[in-house]
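A short write-up of the structure that comes next.
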Amino acid sequence: MPPRRPHHRPRDRSVECELKFRVASPRNHARIRAALRKRGAKLEGKYEEENYRFDGPGKSTRGTTLRLRVLNGGPHGVLTVKGPAKFVGRVKVREETEIEVKDVHATLDLLTQLGFNVEFTYSKRRVMWTLDGVVSVTLDTLDYGWFVELEGPLEILPEQARSLGFDPAKALKDSYSVLARRHLAKSSQANGPLPRGEGT
């Protein structure tokens, strides 16, 4: 009798609902921090990310992204796969699967051996808060600007954004990967061809 193959329970995919806003300066971040403290929001932490954006054989559609986030210089990180985005109003809704990795260098080697290529990298400094126990509010600083992201239940996200002074109709549709690609293209036109594709 052949040995039985181990049975692995399928991992549940989460659904990410997000509103992202560009703000003008760190002063806007300070205003949001003050509003969050006033409302009793919980500061979850601060960290720096180095984001590796991949292309390769697993990219069955242009709307699917594979990204490795290196946290605070490593060795720990998070490997994320996101499906194509759809919009409910201006709220971006996507399937998302994430796993924590203990060794980002080994993970990079593994993905390279499987045929994935690093398209580009970008850095992000993030401060995370939880508002009313259910909405994640992040204050993000990247090379190309300052941003505020809200993630949480679809039905309450627009109102939570309004409560912090944002108009959901003005939320950005582009992901950080798309914004990073555009920024890198503008800043390195003299250094070679533009990155391929327009992913998300």
Matching residues in segment 153-163 (hydrophobic (A, V, I, L, M, F, W, C) and surrounded by fewer than 16 Cβ atoms within 10 Å (Cβ to Cβ)) number 2
Among residues of segment 164-200 being at positive phi and surrounded by 11 or more Cβ atoms within 10 Å (Cβ to Cβ), the residue modelled with the lowest pLDDT is G197
Q.
Going by what's in this entry, would E149 be described as in contact with an Asp or Glu (Cβ under 8 Å, 6 or more places away or on another chain), modelled with pLDDT under 95 and either part of a loop (DSSP other than H, G, I, E, B) or surrounded by 18 or more Cβ atoms within 10 Å (Cβ to Cβ) (or both)?
A. no
Screening V70, V137 for residues that are without any contact (Cβ under 8 Å) to a residue 40 or more places away in the chain, of a type outside the set (G, A, S) and either touching a helix residue (DSSP H, G or I) at 6+ places or on another chain (Cβ under 7 Å) or part of a helix (DSSP H, G or I) (or both) leaves only V70
Selection over segment 60-93 where residues are polar (S, T, N, Q) and surrounded by 17 or more Cβ atoms within 10 Å (Cβ to Cβ) yields a count of 1
The condition from (1) surrounded by fewer than 17 Cβ atoms within 10 Å (Cβ to Cβ); (2) touching a His at 6+ places or on another chain (Cβ under 9 Å) that P26 misses is numbered (2)
Note: among P75, P84, P57, just one is over 23 Å from V134 (Cα atoms), touching a residue at least 24 places away in the same chain (Cβ under 8 Å), in a loop (DSSP other than H, G, I, E, B) and in contact with an Asp or Glu (Cβ under 7 Å, 6 or more places away or on another chain), namely P75
Exactly one of V101, V88, V148, V93 is within 17 Å of C17 (Cβ to Cβ) and in contact with a His (Cβ under 8 Å, 6 or more places away or on another chain), and that residue is V148
Report task. Considering every residue within segment 108-115, establish whether at least one is more than 20 Å from K173 (Cβ to Cβ), modelled with pLDDT under 95 and not in a helix (DSSP H, G or I). Result -> yes
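The values are calculated or read from the model by the stated rules, or taken from the named source; none is laboratory data. Bear in mind that the values here come from a model prediction, so they are computed numbers and not experimental data. Glycine also receives a Cβ, built like all others from the backbone with ideal geometry; neighbour counts cover every protein chain displayed.
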